[in-house]
Amino acid sequence: MFNVVTGHGSEIGDQLVKHPLVRLVSVTGDTATGKIIASNAGSSNVKRVHLELGGKAPVIVFDDANLESLIETLKFAGYTNTGQDCTASCRVVAGPGIYEDLLSELVPAVESIKIGDLDDEEVEMGPLVSSGQRESVAGFVDRAQNAGGKVLTGGEKVDRAGFYYKPTVVTDVAQDSEIVQKEVFGPVVTVQRFGDEDEAVTWANDVVYGLASSVWTRDASRAMRIARRLQYGAVWVNTHFMITAEMPHGGYKESGYGKDMSMYSLEDYTQIKHVMWALD
């Protein structure tokens, strides 16, 4: 049997989460919502919870990266679904040798993104989900500028019907800035310049999220070394947003726990019992 019950989370959702006959609650949403649901589930009858929550995916780019491939990937993975995806490549951390070239290629690529009604097959990016979400995204960018960040392209609403916001690239942001630390959930990509490998990994891990990440380099040994150090449930090498049914998808830290897809997801949605029988 499959039922769909609609309504506000504070009303319908709470009833479902706290109901004693509900054995497991699976949630895809933001971290704040996940914390509330986990707390409510634990206070009712200690039911199991599966959480796929927010993200702030770092894209670590070393000087030897394939720049053409990187730019095409960022254009898609950073702005698809108008950036409203928890695995979006929203936080680029680039090496000193490739930083300037990356920006010189990324900005025109982002400016070429066609905005409009997604019923048009040529359109690459649609509107945000609501007026409130657009105001939230604009607030992040405005506060970043006020703190010294530079908007290289975008950074403003689109003058047309709908909740459109221009695809945006922001630089000169500090590691502890709001726009680096918190999930914007919009068409905004920040770009930082790291000094060495240790700083790149430190910055990548220095957020509360741990869902997805990527490493860009032609050095296989370095890629594996970085992958081991990254505190993320998914680490892609020379690609991003490569989600397949065979591979587990789920986060570390405040991105939640539990896996979707692959055999691991079957385990998460299965309650194990062992039966032992002593035979005479």
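The values are calculated or read from the model by the stated rules, or taken from the named source; none is laboratory data. Because the structure is predicted, anything quoted here is derived from the model rather than measured. Heads up, the Cβs are rebuilt from the backbone with ideal geometry, glycines too, and the neighbour counts pull from every protein chain shown. The accessibility values were calculated without ligands, DNA or RNA, using every heavy atom of the protein model including side chains. Shrake-Rupley method; radii C 1.70, N 1.55, O 1.52, S 1.80 Å.
Is it the case, given these coordinates, that Asp64 is without any contact (Cβ under 8 Å) to a residue 60 or more places away in the chain, of a type in the set (D, E, K, R) and surrounded by fewer than 17 Cβ atoms within 10 Å (Cβ to Cβ)?
Details: without any contact (Cβ under 8 Å) to a residue 60 or more places away in the chain: no; of a type in the set (D, E, K, R): yes; surrounded by fewer than 17 Cβ atoms within 10 Å (Cβ to Cβ): yes.
Here the answer is no, as Asp64 does not meet what is asked.
Considering the conditions (1) in contact with a Gly (Cβ under 9 Å, 6 or more places away or on another chain); (2) over 20 Å from Leu102 (Cβ atoms); (3) assigned to a helix (DSSP H, G or I); (4) open to solvent by less than 60 Å² (accessible area, probe 1.4 Å), Ala227 is excluded by exactly one of them, (1).
For the condition touching a His at 6+ places or on another chain (Cβ under 9 Å), buried (at least 17 other Cβ atoms within 10 Å of the Cβ) and within 21 Å of Glu183 (Cβ to Cβ), what is the one hit in Leu106, Leu74?
Details: Leu106 fails: touching a His at 6+ places or on another chain (Cβ under 9 Å).
Unique residue meeting the criteria: Leu74.
Could you tell me whether Tyr252 is under 29 Å from Gly34 (Cα atoms) and within 20 Å of the chain's Cα centre (by Cα)? When the stated conditions are applied, Tyr252 passes them.
Give the residue, chosen from Val123, Val110, Val129, Val141, that is among the aliphatic types (A, V, I, L, M) and free of Cβ contacts under 8 Å to residues at least 12 places away in the same chain. After applying the criteria, what remains is Val123. Within the bounds of the stretch 112-120, is there any residue that is surrounded by 17 or more Cβ atoms within 10 Å (Cβ to Cβ) and more than 23 Å from Asp198 (Cβ to Cβ)? Within the stretch 112-120 (the criterion being surrounded by 17 or more Cβ atoms within 10 Å (Cβ to Cβ) and more than 23 Å from Asp198 (Cβ to Cβ)), the answer is yes, since at least one residue qualifies. Within the stretch 10-43, which residues are open to solvent by 50 Å² or more (accessible area, probe 1.4 Å), within 21 Å of Tyr257 (Cβ to Cβ) and among the small types (Gly, Ala, Ser)? The answer is Ser26, Ala32, Ser39, Ser43.
With respect to Ser262, is the statement that it is surrounded by 12 or more Cβ atoms within 10 Å (Cβ to Cβ), within 30 Å of Glu72 (Cβ to Cβ) and among the polar types (S, T, N, Q) true?
Against the criterion (surrounded by 12 or more Cβ atoms within 10 Å (Cβ to Cβ), within 30 Å of Glu72 (Cβ to Cβ) and among the polar types (S, T, N, Q)), Ser262 qualifies.
Sub-8 Å Cβ pairs linking a first residue in the stretch 236-257 that is closer than 23 Å to Asp219 by Cα to a second residue that is open to solvent by 70 Å² or more (accessible area, probe 1.4 Å), at least 6 apart or interchain, are Trp236/Met242; Phe241/Phe76, ordered by first then second residue. In the stretch 234-253, how many residues are out of contact with any Lys or Arg (no Cβ under 8 Å at 6 or more places or on another chain), on the phi < 0 side of the Ramachandran plot and open to solvent by less than 80 Å² (accessible area, probe 1.4 Å)? The total comes to 10.
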